[in-house]
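Accompanying notes for the structure given below.
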Amino acid sequence: MDTTLQTADSEALTPDSADPLKTSAAHARSAVLEELIRQAPGQFRVLTGDRPTGRLHLGHYFGTLHNRIRLQNLGVETFVIIADYQVLTDRDIADNLTEYVEELVLDYLAIGVDPARSTIFTHSAVPALNQLLLPFLSLVSVSELNRNPTVKDEIAHSRQSAVSGLMFTYPVHQAADILFCKANLVPVGQDQLPHLEITRTVARRFNDRYGDGGAVFPRPDALLSSAPLLLGMDGTKMSKSRGNAIILAADADETARLIKGAKTDSERFITYDPATRPEVSSLLLMAALCQDRAPEQIAAEIGSAGAAALKRTVTEAVNECLAPIRARRTEYARDRTYLRGVLREGNERANAVADATLAEVRAAMNSHY
Ligand code: TRP
């Protein structure tokens, strides 16, 4: 998920998957972008999204979702793709698609995605977006895809025994997802920088080859979020598929139970030390994010009261933070007609934008008959 594009489900960064020089340049650029966004949010269009593979959890929330709402509320126009075709990048069958898509829309609405300002749409419902994939594929070489560290990483963690063409070309369809609406800003985690680099390459090559001196596509910038990494309750990465995640939609009791069973360590005195005490520190971080406070401060307050007190604090903080989201979610869940309407309208808007872009692309390529 994201972040952004950092998906909280994509595995942790492998040491060779990001070039440190590029990463620090991207951080510097992101700081500049943040300032520009504050000054002129109307100059930006964001594309972001998720694959509908299950419920969103707290890792997604603090990793990417929170940041999307922030950008939307700053006045940046936002497109949110529900990447249903891309579910098939790392598995053979897309299970429970309708359910997962609707649950995702519910989660979005509950956390504050405003359909009046943000366009929520499903990938498969926008033919003109998907048609961009063919010309875009012609702009990228097989060896460029082969070298892409994010593709390598995703392949390494795939559940499939063979690499499908869909997986191999992931960065190219992501380029279509981003460029169809001429988004110029993509909030991502650093593991996704190589993907975005391919989008930039596609945009540049398309413009060079067909732009006739002008630019059909912007070269979108990555907006790196300083997404904190939350561990799951078993001390490994929080992930939909591992059963260790605090789901946004879970109820307060379920959340309490999950946190009660969380892994801690044998030291009674609670301190915030992510390097040597990852599980305890991740719990502190979770409470801190929920309360918008420093984890060290929460640790100091708990001190010698130990892990049980820590868990009580975390449970309270999480349930309090999620209560309004969960209440809104329950409200929206009652009105499936509204939900489907949000998606239908989002798809209509995305289709109108995609049709216009495809018309431009075909004209640029002299294939307007
Ligand atoms: N890959 C993202 C995920 O797994 C979803 C996604 C698809 C996306 N296309 C995108 C995100 C383009 C950002 C930009 O959740």
Report summary line: By residue number, the members of segment 143-159 that are in a loop (DSSP other than H, G, I, E, B) and open to solvent by 40 Å² or more (accessible area, probe 1.4 Å) are His157, Arg159
Query raised in the report: Given Thr78, Thr53, Thr48, which one is of a type outside the set (Lys, Arg), modelled with pLDDT of 90 or more, more than 27 Å from Gly232 (Cβ to Cβ) and within 16 Å of the ligand (Cβ to nearest atom)?
Result: Thr78
Query - Count of segment 81-104 residues which are hydrophobic (A, V, I, L, M, F, W, C) and either in contact with a Ser or Thr (Cβ under 8 Å, 6 or more places away or on another chain) or away from the ligand (no atom under 15 Å from the Cβ) (or both) - result: 6
**Report entry** Filter result (within 8 Å of the ligand (Cβ to nearest atom), open to solvent by 10 Å² or more (accessible area, probe 1.4 Å) and touching an Asp or Glu at 6+ places or on another chain (Cβ under 8 Å)) within segment 167-186
**Finding:** Tyr170
Report summary line: Checked Pro194, Pro220 against criteria (in contact with a helix residue (DSSP H, G or I) (Cβ under 6 Å, 6 or more places away or on another chain), within 11 Å of the ligand (Cβ to nearest atom) and either over 22 Å from Phe62 (Cα atoms) or of a type in the set (A, V, I, L, M, F, W, C) (or both)); the one match is Pro220
Query raised in the report: Got a number for residues in segment 27-48 being open to solvent by less than 20 Å² (accessible area, probe 1.4 Å) and either among the charged types (D, E, K, R) or not in a helix (DSSP H, G or I) (or both)?
Result: 3
Report summary line: Only one of (1) surrounded by fewer than 18 Cβ atoms within 10 Å (Cβ to Cβ); (2) within 13 Å of the ligand (Cβ to nearest atom); (3) of a type in the set (S, T, N, Q) does not apply to Ser225, and that is (1)
Report task. Return the total of residues in segment 300-318 being within 26 Å of Leu65 (Cα to Cα) and in contact with an Asp or Glu (Cβ under 9 Å, 6 or more places away or on another chain). Result -> 1
**Report entry** Wholly enclosed helices (runs of 4 or more DSSP H) of segment 164-239 bearing at least 3 residues under 16 Å from the mean Cα position of the chain (by Cα) and at pLDDT 90 or above
**Finding:** 170-179
Query raised in the report: Which residue pairs have Cβ atoms closer than 9 Å, lie 6 or more positions apart in sequence or on different chains, and pair a first residue in segment 154-166 that is closer than 24 Å to Phe136 by Cα with a second residue that is open to solvent by 70 Å² or more (accessible area, probe 1.4 Å) and at pLDDT 85 or above?
Result: Ile155/Val163; Ser164/Asp92; Leu166/Tyr85
**Report entry** Criterion (open to solvent by 60 Å² or more (accessible area, probe 1.4 Å) and among the polar types (S, T, N, Q)) met by exactly one of Ser138, Ser164
**Finding:** Ser138
Query raised in the report: Quick one: would you say Glu331 is of a type in the set (D, E, K, R), open to solvent by 50 Å² or more (accessible area, probe 1.4 Å) and on the phi < 0 side of the Ramachandran plot?
Result: yes
**Report entry** Yes/no for Ala294 being open to solvent by 30 Å² or more (accessible area, probe 1.4 Å), of a type in the set (Gly, Ala, Ser) and at pLDDT 95 or above
**Finding:** yes
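Rundown of residues vs (1) closer than 25 Å to Pro187 by Cβ; (2) open to solvent by 30 Å² or more (accessible area, probe 1.4 Å), yes/no style:
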| residue | (1), (2) |
| --- | --- |
| Gly211 | no, no |
| Pro220 | yes, no |
| Met233 | no, no |
| Glu254 | no, yes |
| Thr271 | no, yes |
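The values are calculated or read from the model by the stated rules, or taken from the named source; none is laboratory data. Nothing here was measured: the structure is a model prediction, and the numbers come from that model. Please note: Cβ atoms are built from the backbone with ideal geometry, for glycine as well, and neighbour counts cover all protein chains shown. For accessibility, only protein heavy atoms count, side chains too; no ligands or nucleic acids. Shrake-Rupley method; radii C 1.70, N 1.55, O 1.52, S 1.80 Å.
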